[in-house]
Amino acid sequence: MFRTLTTFDTELYADSVEWCPIEPFKDLFVCGTYQLIENTESIAKNELKPSRRLGRIYLFQVVNGGSIKLLQQLETEGILDMKWAHGTCNQKILLGVVNSLGYLQIYQLQSGNNEMLKLMTELKVNDQKEEILALSLDWSTGKYFSQDNSTAKIIVSDSTGGISLFELDNDQIKNLISWSSHEYEAWIAAFDYWNVNIIYTGGDDCKFQRFDIRTGNKPTMINRIHTAGVTSIHSNVDKEHVLASGSYDEILRLWDTRNFKRPISETNLHGGIWRLKWDPFARRFLLAACMYGGFKVIDCQNTETPSIVDEYNNHESLSYGCDWSFLSRQCISERDIFQNNEINLRLVSTCTFYDHNLKLSVVRLNDE
């Protein structure tokens, strides 16, 4: 059962939330916003002046009692996706961001008297195209939470259907390869964390594809089972060959990556799926942002018969951003985040679009 601890008004439309996975900063999370601001003056004058896509990055800290403290507010272009590197890179804690101007940005979390994010480097995804939105990103560091990475790769998808692979080396981004993957928006790109030469992509053309970067930019698998745009893909770090995909068609599909002819299971989540996140502990539960269908927790212990075990409908708008906290049960208890003696509690953050709401909640998981 979800229980709301606190709510924050992000003012601009909220679409992304991500918890820091690295000690001692697991009590920090970020929220990103995206809002199209029409140029009403140019419309009145019948002029074609571009509208602005505004964004903002909020950096929060969870404090005792279950409230949140705003540490930083950064004015940016519209934020489409954010992901923390799963481990440090050259001893730095990094946040990757993709925005409405088509840039991949890397922010460094700086600690001291106050934690804050500072832009370290940025690069446009495709400098040949003026109008391009960078839509999603993933880090290759998924199986290396506790390790320091001297180099890391980042995969980015964009609004022209393109996919770009970057390498972060010596604090600079280098584009390794870019290619056209989808006919319309490439909503999602993700690594197979068990073999980061393998990349999965999903697009508005309903294609779910696999690429092997060792063999070039031709897909090694094309699947058309999704009946609407493919929007979310997440590899399971603990269970080799298990992959989750989500679509506007409202169906959660679990896959065995050794057989893409048909999924292991199909579960109707009753809402277009925008984000899927495996829980960071047992990797048994999926947290899903289901747009018009709220947020749901799915127990995937048996991949052939996943079951919806909880749902959260306290938002009043499109459910877009969601993530699990990496804080352990013990930390949640020690910090007196929730005034209850219950065990099996996890912290989650969710955010919704037009009502520009961010919520911090606890959810109880029966994972013993």
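Of the conditions (1) touching a residue at least 40 places away in the same chain (Cβ under 8 Å); (2) crowded, with 17+ Cβ neighbours inside 10 Å; (3) of a type in the set (A, V, I, L, M), Ile332 fails just one. Which one is it?
Only one criterion in (1) touching a residue at least 40 places away in the same chain (Cβ under 8 Å); (2) crowded, with 17+ Cβ neighbours inside 10 Å; (3) of a type in the set (A, V, I, L, M) is unmet by Ile332, namely (1).
With crowded, with 20+ Cβ neighbours inside 10 Å and polar (S, T, N, Q) as the only criterion, which of Ser265, Ser235 stands out?
Ser235
Scan the range 152-180 residue by residue and report those that are open to solvent by 60 Å² or more (accessible area, probe 1.4 Å) and more than 22 Å from Gln128 (Cβ to Cβ).
Of everything in the range 152-180, those that are open to solvent by 60 Å² or more (accessible area, probe 1.4 Å) and more than 22 Å from Gln128 (Cβ to Cβ) turn out to be Asp169, Asn170.
Restricting the range 1-38 to residues that are more than 30 Å from Asp148 (Cα to Cα) and among the charged types (D, E, K, R), which is modelled with the lowest pLDDT?
Narrowing the range 1-38 to residues more than 30 Å from Asp148 (Cα to Cα): 1-14, 34-38.
Remaining after also requiring among the charged types (D, E, K, R): 3, 9, 11, 38.
Numbers: Arg3: 92, Asp9: 98, Glu11: 97, Glu38: 76.
Filtering the range 1-38 for residues that are more than 30 Å from Asp148 (Cα to Cα) and among the charged types (D, E, K, R), the one modelled with the lowest pLDDT comes out as Glu38.
Given the structure, is Lys124 surrounded by 14 or more Cβ atoms within 10 Å (Cβ to Cβ) and either touching a Leu at 6+ places or on another chain (Cβ under 8 Å) or over 30 Å from Phe338 (Cβ atoms) (or both)?
Yes, satisfied.
Which residues, taken from the range 87-99, are small (Gly, Ala, Ser) and in contact with a Ser or Thr (Cβ under 9 Å, 6 or more places away or on another chain)?
Listed by number, the list holds a single entry, Gly87.
What do you reckon, is Glu77 at pLDDT below 95, out of contact with any Phe, Trp or Tyr (no Cβ under 7 Å at 6 or more places or on another chain) and over 26 Å from Phe326 (Cα atoms)?
Here the answer is no, as Glu77 does not meet what is asked.
When residues of the range 284-316 are filtered for being open to solvent by less than 30 Å² (accessible area, probe 1.4 Å) and part of a loop (DSSP other than H, G, I, E, B), how many remain?
Count: 6.
So, in the range 214-230, of the ones that are under 17 Å from Asn197 (Cα atoms) and among the hydroxyl-bearing types (Ser, Thr, Tyr), which residue ends up least open to solvent (accessible area, probe 1.4 Å)?
The qualifying residue least open to solvent (accessible area, probe 1.4 Å) is Thr220.
Give the range 127-142 a look and list any residue that's of a type outside the set (Gly, Ala, Ser) and surrounded by 19 or more Cβ atoms within 10 Å (Cβ to Cβ), or say none.
Ile132, Leu133, Leu135, Leu137, Asp138, Trp139, Thr141, listed by residue number.
For Ile337, which of the numbered conditions (1) open to solvent by 10 Å² or more (accessible area, probe 1.4 Å); (2) in a loop (DSSP other than H, G, I, E, B) fails to hold?
Single failed check for Ile337: (1).
The values are calculated or read from the model by the stated rules, or taken from the named source; none is laboratory data. Remember, predicted model here, so these are calculated numbers, not experimental data. With ideal geometry, Cβ positions are generated from the backbone for all residues, glycine too; neighbour counts draw on all protein chains shown. Surface areas here come from the heavy atoms of the whole protein model, side chains and all, with no ligands, DNA or RNA. Shrake-Rupley method; radii C 1.70, N 1.55, O 1.52, S 1.80 Å.
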